[in-house]
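Structure, as structure tokens:
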Amino acid sequence: MSILDWGPISRIRRNHALEHATLQVMAQANPNLHMAGYSDPSGFWLLGHAPTDEILAAAQQATERLEGGEYGLAVHPNCGTNFVTAGVLAGTLAWLGMAGTGRGVRSKLERWPIVISLVTMAMIFAQPLGPLLQQRVTTSAVLKGMRVVGIDRRMRGDVPLHHVLTRG
């Protein structure tokens with residue numbers, strides 16, 4: 001058994017997949033919708049202006065669609081995994097590009113074109129790598145019977161915060 005299949009981690013990965021699928025279902029109905037999400041072992045959080053009943057309906061539809069084999073819904077283009085992947089690759093290659101330059105500004109400026117090239121290359125490699133990491137590491141589209149059991153709505157200032165609760 002992989003650590004990715006261990007209790008709390010497995011639940012976070014499945015909730016993360018359901019969060020993405022819910023956001024994608026909602027975006028298909030309303031392309032101008034702007035929301036952010038975060039997953040934990042008890043479910044997932046959605047921050048943004050959307051009615052609670054629409055979130056519940058989207059989460060239930062997302063569950064059905066994932067269980068029907070639409071696993072691509074679990075991979076979201078604006079997932080933090082994509083941004084972290086790009087940041088780690090770009091930051092690492094930028095650091096490597098500057099390694100050994102010493103303290104002088106001139107030696108750093110001489111390396112600037114190399115660093116820009118390395119960071120650009122990192123961003124190109126991050127494009128397919130981030131979604132691949134989502135698919136294989138940070139989400140699990142196989143819900144294993146997970147179900148939405150309720151939604152707790154709160155306010156964060158004047159922005160609604162919905163905690164979509166899951167079990168299974």
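Below is a table of values for the structure above.
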read-out: All Cα pairs of the range 20-102, percent lying beyond 23 Å; value: 36
read-out: Most to least packed among 54-62, 68-76 [average Cβ atoms within 10 Å]; value: 54-62, 68-76
read-out: Share of carbon and sulfur in the accessible heavy-atom surface of the chain [1.4 Å probe, %]; value: 63
read-out: Rounded if a/c under 1.5, otherwise prolate or oblate - the range 64-118, Cα gyration tensor axes; value: prolate
read-out: Within the range 43-69, backbone nitrogen closer than 19 Å to the virtual label 7 Å beyond the Cα of residue 167 toward Cβ; value: 43-45, 56-57, 59-61, 63-64
read-out: Cα extents of the chain along the three principal axes, largest first (Å); value: 60, 44, 25
read-out: Accessible surface, the chain, averaged per residue in Å² (probe 1.4 Å); value: 58
read-out: Two-decimal Rg/Rh across the range 1-50, once Rg and the Kirkwood Rh are taken from alpha-carbon atoms; value: 1.09
read-out: Angle in degrees between helix 7-29 and the longest Cα principal axis of the chain, rounded to the nearest 10; value: 80
read-out: Per-residue [θ]222 nm for the chain (sum of -39500 (n - 2.57) over DSSP H runs n ≥ 4, rounded to 500); value: -18000 deg cm²/dmol
read-out: Degrees separating the helix 52-67 axis from the principal Cα axis of the chain, which is the longest one; value: 80
read-out: Distance between modelled label sites at residue 99 and residue 32, nm, 7 Å Cα→Cβ extension; value: 5.0
read-out: 0 to 90° range, to nearest 10: angle between helix 105-133 axis and the chain longest Cα axis; value: 30
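The values are calculated or read from the model by the stated rules, or taken from the named source; none is laboratory data. Bear in mind that the values here come from a model prediction, so they are computed numbers and not experimental data. All Cβ positions, even for glycine, are placed from backbone atoms using ideal geometry, and neighbour counts span all protein chains on display. When the accessible area is computed, the model is the full protein with side chains, heavy atoms only, and any ligands, DNA or RNA have been set aside. Shrake-Rupley method; radii C 1.70, N 1.55, O 1.52, S 1.80 Å.
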